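**Q** I have a structure here, written as structure tokens, and I will follow up with some questions on it.
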Amino acid sequence: MAMMVLMVGACVAACASLATWVYLALFRGMFWRTDTRLEVEAAPLEVELGRPGVAAIVPARNEVGVIGETLPSLLRQRYGGELRVYLVDDVSHDGTASAARRIAEENGAGDKLRVVAGAPLPDGWAGKVWAMQQGYEAASAGDFKYALFTDADISHPAGSVRALVAKAEADGLDMVSVMAKLDAGALAESVLIPAFVFFFGKLYPFRRVNDPLSRTAAAAGGCVLARRDALERIGGPAAIRDRIIDDCALARAVKGSGQRGIWLGLSEQVRSVRGYEGIGGIWRMVARSAYAQLGNSPPLLLGTVAAMALTYLAPAFGVAAGVAGLVVSVSDFAGRTELAAAAVAAGGLGWLMMAAVFTPMLRFYGKPPALSVLMPAAAAVYMIMTVDSARRFYAGAGGAWKGRTY
């Protein structure tokens with residue numbers, strides 16, 4: 001009797017998961033494709049003069065370990081318009097400000113960089129947004145059409161600003177954002193980082209984000225170019241002052257203001273130089289904001305865990321339970337091997353579809369397609385991270401990041 005119940009449950013769960021993957025593959029904005037990209041020239045040979053002014057705003061809190069590589073990439077941009085960099089030293093204690101000034105002088109770009117001394121974090125503000133606001137206010141005295149919010153760990157090829165502005169100008173967009181290519185060199189990151197970007201795309205399908213008729217809005221906070229008039233229209237970064245997931249909140253505000261569209265895509269060339277130091281670094285990144293993404297809601301947390309289990313774990317459960325049923329003697333299983341076979345078939349097909357739609361992201365990251373079979377394991381890890389994010393919230397450590405807890 002227990003085996004029969006197990007087989008029925010496995011078969012139902014596997015079939016439901018298979019149906020889910022059919023829907024996701026065909027009707028979720030083709031989220032699994034990786035062809036929505038912004039191509040950036042590494043070093044443009046020709047520079048068109050007279051391009052609109054850009055203020056690049058870099059929130060930096062204890063970033064001396066990465067700005068030696070990333071700050072020069074901004075200062076050396078081949079761009080045919082005025083480009084000034086505002087690095088906001090967010091109360092660092094590792095010499096970030098002095099290192100930034102030294103880097104600018106060494107690159108012959110001391111006149112392009114302004115280091116903004118960040119004020120202490122006020123109540124009601126998220127740290128990064130407060131740094132963004134201070135950088136935006138410092139830049140506002142200048143003449144610029146676009147603000148580029150970029151993280152301190154993002155390295156830009158020489159044609160990055162040119163490509164971002166060209167996209168915004170050509171398509172009449174209020175915002176252009178690219179998902180920087182994250183570091184996925186170590187063993188743990190080989191599956192977990194592509195899976196992270198895959199999950200993000202499933203939550204915010206790029207094609208729907210880029211559709212002006214769709215309400216879906218998102219951005220990747222490492223690289224966001226926004227029109228100044230669009231920012232002024234929503235009240236600047238202050239409009240999202242308390243948002244931990246600041247990038248998507250800013251995208252919603254800009255797209256919701258209804259003037260022009262927004263665009264989000266991948267980039268091979270814009271990349272993050274920050275290493276995650278194994279699964280622990282990824283864990284901290286996800287646990288910081290996963291529960292906030294769910295509105296700190298216990299019902300949403302339970303629903304999310306249940307949905308992920310059904311979508312990602314049920315295929316493996318169907319295969320394992322079905323195989324177990326097939327090896328049980330006919331007498332013990334009352335001859336109902338057809339249920340076991342159905343569970344194996346549905347689970348196997350669901351697993352195959354899951355692997356197939358995950359493969360393009362693995363290829364984008366230069367990883368072997370064979371790793372796609374590990375998606376159930378990656379999903380299980382992210383489920384645990386999400387639950388831990390809730391645990392941290394109720395323990396008073398929710399949103400902990402760079403020495404601050406929100």
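The values are calculated or read from the model by the stated rules, or taken from the named source; none is laboratory data. Predicted model, so just to flag it, every value in this text is computed and none were measured. Note: ideal-geometry Cβ built from the backbone for every residue, glycine included; neighbour counts use all protein chains shown. Areas reflect the complete protein model, heavy atoms only, side chains present, ligands, DNA and RNA absent. Shrake-Rupley method; radii C 1.70, N 1.55, O 1.52, S 1.80 Å.
**Q** Looking at G399, G366, which one is at positive phi, buried (at least 19 other Cβ atoms within 10 Å of the Cβ) and part of a loop (DSSP other than H, G, I, E, B)?
**A** G399
**Q** Only one of (1) polar (S, T, N, Q); (2) modelled with pLDDT of 95 or more; (3) in contact with a Lys or Arg (Cβ under 8 Å, 6 or more places away or on another chain) fails for S257. Which number is that?
**A** (2)
**Q** Can you find even one residue in region 73-81 that is touching an Asp or Glu at 6+ places or on another chain (Cβ under 7 Å), farther than 26 Å from A166 by Cα and either at pLDDT below 95 or open to solvent by less than 20 Å² (accessible area, probe 1.4 Å) (or both)?
**A** no
**Q** Just need a number here: residues in region 248-271 that are under 27 Å from R363 (Cβ atoms), of a type outside the set (A, V, I, L, M, F, W, C) and surrounded by fewer than 22 Cβ atoms within 10 Å (Cβ to Cβ).
**A** Residues meeting the conditions: 4.
**Q** In region 369-385, what count of residues is obtained for those that are closer than 18 Å to I282 by Cα and either open to solvent by less than 20 Å² (accessible area, probe 1.4 Å) or modelled with pLDDT under 95 (or both)?
**A** The qualifying residues number 6.
**Q** Still on this model: Which of the residues spanning region 49-60 are open to solvent by 40 Å² or more (accessible area, probe 1.4 Å) and touching a residue at least 40 places away in the same chain (Cβ under 8 Å)?
**A** R51
**Q** Identify the residue in region 33-42 that is open to solvent by less than 60 Å² (accessible area, probe 1.4 Å) and of a type in the set (A, V, I, L, M, F, W, C) and, among all such residues, is modelled with the highest pLDDT. Quick ask: steps written out before the conclusion?
**A** Within region 33-42, the subset open to solvent by less than 60 Å² (accessible area, probe 1.4 Å) is 34, 36, 38, 40.
Applying the additional criterion that residues be of a type in the set (A, V, I, L, M, F, W, C) yields 38, 40.
On the way: L38: 96, V40: 90.
Only one residue fits best here, namely L38.
**Q** What's the number of the condition R84 fails, among (1) of a type in the set (K, R); (2) assigned to a loop (DSSP other than H, G, I, E, B); (3) closer than 19 Å to Y136 by Cα?
**A** (2)
**Q** Could you check region 68-81 and list, in sequence order, the residues that are part of a loop (DSSP other than H, G, I, E, B) and out of contact with any Pro (no Cβ under 7 Å at 6 or more places or on another chain)?
**A** Within region 68-81, R76, Q77, Y79, G80 meet the criteria.
**Q** In addition: Consider region 293-307. How many of its residues are surrounded by 18 or more Cβ atoms within 10 Å (Cβ to Cβ) and either of a type in the set (V, I, T) or under 18 Å from the mean Cα position of the chain (by Cα) (or both)?
**A** Final tally of qualifying residues: 2.
**Q** Could you go through region 210-233 and let me know if any residue there is of a type in the set (G, A, S), open to solvent by 40 Å² or more (accessible area, probe 1.4 Å) and free of Cβ contacts under 8 Å to residues at least 40 places away in the same chain.
**A** No: region 210-233 contains no residue that is of a type in the set (G, A, S), open to solvent by 40 Å² or more (accessible area, probe 1.4 Å) and free of Cβ contacts under 8 Å to residues at least 40 places away in the same chain.
**Q** Looking at (1) assigned to a helix (DSSP H, G or I); (2) open to solvent by 40 Å² or more (accessible area, probe 1.4 Å); (3) in contact with a His (Cβ under 8 Å, 6 or more places away or on another chain), which is the one condition that is false for Y23?
**A** Among (1) assigned to a helix (DSSP H, G or I); (2) open to solvent by 40 Å² or more (accessible area, probe 1.4 Å); (3) in contact with a His (Cβ under 8 Å, 6 or more places away or on another chain), the lone unmet condition for Y23 is (3).
**Q** What number of residues in region 370-395 are free of Cβ contacts under 8 Å to residues at least 12 places away in the same chain and farther than 17 Å from Y312 by Cβ?
**A** Count: 4.
**Q** Quick one: which of A163, A138, A104, A147 is in contact with a Leu (Cβ under 7 Å, 6 or more places away or on another chain), in a helix (DSSP H, G or I) and more than 20 Å from V64 (Cα to Cα)?
**A** A163
**Q** Another question, then. Looking at P120, P157 in this structure, which one is over 23 Å from E232 (Cα atoms), within 27 Å of the chain's Cα centre (by Cα), not aromatic (F, W, Y) and not in a helix (DSSP H, G or I)?
**A** Only one candidate qualifies: P157.
**Q** Taking the condition over 29 Å from M375 (Cα atoms) and touching a residue at least 60 places away in the same chain (Cβ under 8 Å), does V165 pass? Please lay out each step first, then the result.
**A** Values: over 29 Å from M375 (Cα atoms): yes; touching a residue at least 60 places away in the same chain (Cβ under 8 Å): yes.
So V165 fits the description; yes.
**Q** While we're on this one: Listed residues A119, A131; which is open to solvent by less than 40 Å² (accessible area, probe 1.4 Å) and more than 24 Å from V178 (Cα to Cα)?
**A** Answer to the check: A119.
**Q** For the condition open to solvent by 50 Å² or more (accessible area, probe 1.4 Å) and not aromatic (F, W, Y), what is the one hit in A346, A342, A356?
**A** Working: A346 fails: open to solvent by 50 Å² or more (accessible area, probe 1.4 Å); A342 fails: open to solvent by 50 Å² or more (accessible area, probe 1.4 Å).
Going through A346, A342, A356 in turn, just one is open to solvent by 50 Å² or more (accessible area, probe 1.4 Å) and not aromatic (F, W, Y): A356.
**Q** Something else: Over 30 Å from R37 (Cα atoms), in contact (Cβ under 8 Å) with a residue 12 or more places away in the chain and hydrophobic (A, V, I, L, M, F, W, C): which single residue out of A356, A341 fits that description?
**A** A341
**Q** Do you know which of the residues in region 166-201 that are aliphatic (A, V, I, L, M) and assigned to a loop (DSSP other than H, G, I, E, B) is modelled with the lowest pLDDT?
**A** Pass one, region 166-201, residues aliphatic (A, V, I, L, M): 166, 168, 170, 173, 175-176, 178-180, 182, 184, 186-188, 191-193, 195, 197.
Still in the list and also assigned to a loop (DSSP other than H, G, I, E, B): 182, 184, 186.
Working: L182: 95, A184: 92, A186: 81.
Out of the qualifying residues, it is A186.
**Q** One residue is enough: does region 99-113 have a residue meeting the conditions open to solvent by 50 Å² or more (accessible area, probe 1.4 Å) and touching a residue at least 60 places away in the same chain (Cβ under 8 Å)?
**A** Taking every residue of region 99-113 in turn, none turns out to be open to solvent by 50 Å² or more (accessible area, probe 1.4 Å) and touching a residue at least 60 places away in the same chain (Cβ under 8 Å).
**Q** Residue check, V286 against (1) open to solvent by 40 Å² or more (accessible area, probe 1.4 Å); (2) in a helix (DSSP H, G or I), all met but one. Which one?
**A** Every listed condition holds for V286 apart from (1).
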